[in-house]
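Read the figures in this text as sums done on the coordinates, not as results from a lab. Bear in mind the structure is a predicted one, so any value in this text is a computation, not a measurement. Because the Cβ atoms are built from the backbone with ideal geometry, glycine has one as well, and the counts that use them run over all protein chains shown.
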Amino acid sequence: MTRRTPPRPLDVEQLFPEVAPFRKEAIRLHPRVGEPTCHDSSVGGPLLWPADEPWPTCSGDDALGTAHEGPTPFVPIVQIHRADAPGLPFPEGRDLLQVLWCPFDHGDFCCPLPQVHWRSTAAVGEVAPSPPPPAEASEDYVPNPCAVHPETVTEYPSWDLARHVLDSLRDRFNRVEQETGWLYQFHLADAPGIKLGGYPGWTQEPWWPDCDRCGQRMEHLLTVASWEYDGESWRTWLPLEDRAVVDGEESFRSEQGLAAQNAAGLMLGDAGGVYIFECRSCPDRPIGHCFDCS
Ligand SMILES: [Zn+2]
Ligand SMILES: [Zn+2]
């Protein structure tokens, strides 16, 4: 079944024309528990991994505390075919994006350590089975296998809105909230949940990494969020197809509601997200990442 975000309840660009120049497209993945194969786009599913390439392992060098001492396998986070991600700039000759992470806390942000691979499916011969996640890893950091239902949506910046633009809009945001109940940041701006491109789904002040090599600010590639939506954002961002089971605060917290809200079963800190960035100026696309939560 597809998943479609309902049209916004208000015309954002008519009410707030200042944000129109900052319009971006994001691809919401809409993970739902399923049984993806290595040939499918997925969250937390097996990867199309060539048998003649070693499965990536993390040495644990910058793992925090007693997180893990010996080498440990990375776990699949997202696999997406180019056909499922229209508009995402794949490197030439590649048609499959694979994102994995080491499911233990690492580095300054004290979060899983991501890795990104761009692959040509035609170049994958025999497929290696994806290993099980390490037994000691927290289940909060290992997504359940999910089918995805990619959907392109329009976004406007919330945390990323420039200060002077925000200053000119603040009174109008407040007036619209009073008159309609819709808050720009939660209901109208950028999509919650796991998504490619668009704006990072920050829960705090933005932190955009610069490329170590060329110094340019990196581009947002992927937000891995704990939840698909919260107690506010579901009102506008919950797909139409899920509204039969989630139509208010109570059902939002029901078992069926949770299946739509948190199919992947992730919990990154206090309902936070891991944001993965890449430099598209450097040919091998170095990545950066950060983490925030409530
Ligand atoms: Zn590690
Ligand atoms: Zn660079």
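Find out how many positive minus negative residues lie around Thr203, taking Lys and Arg as positive, Asp and Glu as negative, among other residues whose Cβ is under 10 Å from that of Thr203. The answer is -4.
How would you rank Trp159, Trp237, going from fewest to most other Cβ atoms within 10 Å of each one's own Cβ? Intermediate results must be reported in sequence, preceding the final value.
Values: Trp159 18, Trp237 22.
Going from least to most buried by this count: Trp159, Trp237.
For the range 162-250, applying the loop criterion from DSSP together with a ceiling of 14 other beta carbons within 10 Å to the GluC sites (Glu not before Pro) yields Glu232.
Across the range 46-62, computed HN-Hα scalar couplings (Karplus, 6.51 cos²θ - 1.76 cosθ + 1.60, θ = phi - 60°) run x, 9, 7, 10, x, 5, 8, 10, x, 5, x, 10, 9, 6, x, 4, 10 Hz from first to last residue, x flagging Gly and Pro. One chain, two ends: Ala271 and Gln185. Fully extended at 0.36 nm per residue, the span grows by 29.2 nm beyond their Cα-Cα distance. Database remark: amide H of Trp49 closer than 5 angstrom to the amide H of Ala128 (H placed geometrically; neighbours at sequence offset of 5 or more, or on other chains; Pro and chain starts carry no H).
So for the chain, what percent of the C-alpha to C-alpha distances run longer than 23 Å? Don't skip to the end; give the middle numbers.
Values: 24010 of 43071 pairs.
Result: 56 percent of Cα pairs exceed 23 Å.
Looking at the range 1-43, which trypsin sites (Lys or Arg not before Pro) are in a loop (DSSP not H, G, I, E or B) and have at most 12 other Cβ atoms within 10 Å? Walk me through the numbers before you get to the answer.
Numbers: sites: Arg3, Arg4, Arg23, Lys24, Arg28, Arg32; in loops: Arg3, Arg4, Arg23.
Here no loop site has a sparse enough neighbourhood.
Working from Cα pairs under 8 Å separated by at least six residues, relative contact order for the range 151-191 is 58 percent. Between the helical axis of 163-180 and the longest alpha-carbon principal axis of the chain there is an angle of about 60 degrees.
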